[in-house]
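Since every read-out is calculated from the coordinates, none of them should be taken as a lab result. Treat the numbers as computed from the prediction; the structure is a model and nothing was measured. Note: ideal-geometry Cβ built from the backbone for every residue, glycine included; neighbour counts use all protein chains shown.
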Amino acid sequence: MRIAIGTDHGGVPLRDVLLPYIQDLGHEVLDFGTDSPASVDYPDYAEMVGRAIQEGKADRGILLCGSGVGVCIAANKIKGVYAAICHDSYSARQGVEHDQMNVLCLGGRVVGSDLAKLLVRNFLEARFVGNDPGEERHARRVNKVRAIEKKGFK
Ligand code: RB5
């Protein structure tokens, strides 16, 4: 898959570990930075990753900031992006399988590199099961989420 990755300064050390790991898993990486510890604004990186998904340039995204919270909030403002912070491997996998999560958000100041690799692997190995026989309820629920998005509540 093509994986877009973006981080603010809070996630740079973790991104530096994850980027080659994702490549080793056989994926193509689109790296949107940032590359230095200099302070930047997380919404800018969430937007770049989100737009790459929206425009079909990336299949999934990984976003990092200090806590994972800021990038997650920002990414979910982008139509077609379904982002979540998953700091446990069960959610990192099930978020894709049941909820069609397409962006994994991680806190660079929260999770260590070995756990982060496990989370990323679970996220990237998982696939949405809502179209499988007997699993239609997940597609129904995802469609309801899309309907909420479409209504564009103000
Ligand atoms: C930046 O200091 C920090 O606020 C940011 O990386 C992130 O944790 C926001 O959620």
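Here is a list: Leu25, Leu14. Which entry is farther than 20 Å from Gly70 by Cα and among the aliphatic types (A, V, I, L, M)?
Checking each option against the conditions leaves just Leu25.
The set of residues in region 1-32 being farther than 19 Å from Ser113 by Cβ and of a type in the set (Gly, Ala, Ser) consists of Ala4, Gly26.
Checked against (1) of a type outside the set (S, T, N, Q); (2) buried (at least 18 other Cβ atoms within 10 Å of the Cβ); (3) more than 16 Å from the ligand (Cβ to nearest atom), Gly108 passes all but condition (3).
Does Ala46 count as touching a Gly at 6+ places or on another chain (Cβ under 8 Å), of a type outside the set (S, T, N, Q), under 16 Å from Arg15 (Cβ atoms) and more than 16 Å from the ligand (Cβ to nearest atom)? Judged against the criteria, Ala46 is not a match.
Filtered by the rule that a residue be free of Cβ contacts under 8 Å to residues at least 24 places away in the same chain and more than 15 Å from the ligand (Cβ to nearest atom), region 49-87 gives Glu55, Gly56.
Each residue in region 95-140 was checked for being of a type outside the set (A, V, I, L, M), within 20 Å of Gly50 (Cβ to Cβ) and part of a helix (DSSP H, G or I), and 2 pass. Within region 1-32, being over 23 Å from Asn122 (Cβ atoms) and within 15 Å of the chain's Cα centre (by Cα) holds for one residue alone: Asp8.
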